[in-house]
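**Student:** Structure provided below as structure tokens; questions to follow.
Values in this text are rule-based calculations from the coordinates and carry no lab data. Values in this document were obtained by computation on a predicted structure and should not be read as measured data. Backbone-built Cβ (ideal geometry, glycine too); neighbour counts: all protein chains shown.
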Amino acid sequence: MTQMQLQKLVYITHGWSLAISNSPITSDAPCAWEYGPVYPELWEALRRYGRSSVSGVIKFGDFGMNMFAKNADEVVTADFSETETSLIAKIFEIYGSFHAFQLSALTHKEGTPWYKVFVENKKKKGEIHNIDIRNHFVEIALNAEA
């Protein structure tokens, strides 16, 4: 799996988490980059892979100046609730086999939060706000029920 795929899967998971429980899956705010939403901290940690597959774990030292920290070799972990873990698994089940550009295309549709920031407001690398992400994913859910 490439960084681009991971970025989009985190974004989709984040969006559904906001829509379902009004709770973000990450504290890092996504930004509107050319190929869709990007989490800058995740990008920083994975940039060494470029377009190649991500083949290792993220360590604290992967974050810029943290390479000099005492805990630089420690693996970054997160404690997810059972609900969050189930959501992550479901998103991976549905979208995990999508190519990076398929995932990116989902975020580029007219009216998406990315589109509003990057295209309509012309804010390259502008922050995509949680309220806009939540509203977008709630709309997807409502349209699916109709």
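**Student:** Please get the size of the charge dipole for the chain, origin at its Cα centre, with Cβ charges of +1 on Lys and Arg and -1 on Asp and Glu, quoted in debye to the nearest 20.
**Tutor:** With only Lys, Arg, Asp and Glu charged at Cβ, the dipole is about 540 debye.
**Student:** With a ≥ b ≥ c the root eigenvalues of the C-alpha gyration tensor of segment 3-145, is it rounded (a/c under 1.5), prolate (a/b larger than b/c) or oblate?
**Tutor:** prolate
**Student:** Also, quick follow-up: Quick check: from the Cα gyration tensor, does segment 11-74 come out rounded (a/c under 1.5), prolate or oblate?
**Tutor:** Note, shape of segment 11-74 comes out prolate.
**Student:** Please list, in order, the residues from segment 90-104 whose amide nitrogen is less than 15 Å from a point placed 7 Å along the Cα→Cβ vector of residue 20.
**Tutor:** 90-96
**Student:** Something else: Reachable lysines from residue 70, Cα under 22 Å, same-chain residues fewer than 8 places away excluded?
**Tutor:** Answer for residue 70, where 22 Å is the Cα cut-off: 59, listed by chain and number.
**Student:** Measuring from label point to label point, each 7 Å out along Cα→Cβ, what is the residue 60 to residue 123 span in nm?
**Tutor:** Each label point lies 7 Å from its Cα, and together they span 3.2 nm.
**Student:** Still on this structure, I have one more. Could you give the nm distance between label points at residue 69 and residue 95, where each point is 7 Å from its Cα heading toward the beta carbon?
**Tutor:** Placing both labels 7 Å along Cα→Cβ, they lie 2.7 nm apart.
**Student:** On a C-alpha basis, how far is the centre of segment 32-65 from the centre of segment 81-146 in Å? Whole number, if you could?
**Tutor:** When both Cα centres are located, 19 Å separates them.
**Student:** Excluding residues fewer than 8 places away in the same chain, name every one of the lysines whose C-alpha is closer than 24 Å to that of residue 116.
**Tutor:** 8, 124, 125
**Student:** Amide H of residue 2: which non-local residues (sequence gap of 5 or more, or other chain) have their own amide H closer than 5 Å, using H built in the peptide plane?
**Tutor:** 54
**Student:** Given labels modelled 7 Å from the Cα in the Cβ direction, how far is it in nm from residue 80 to residue 106?
**Tutor:** Here the answer is 1.4 nm between the modelled labels.
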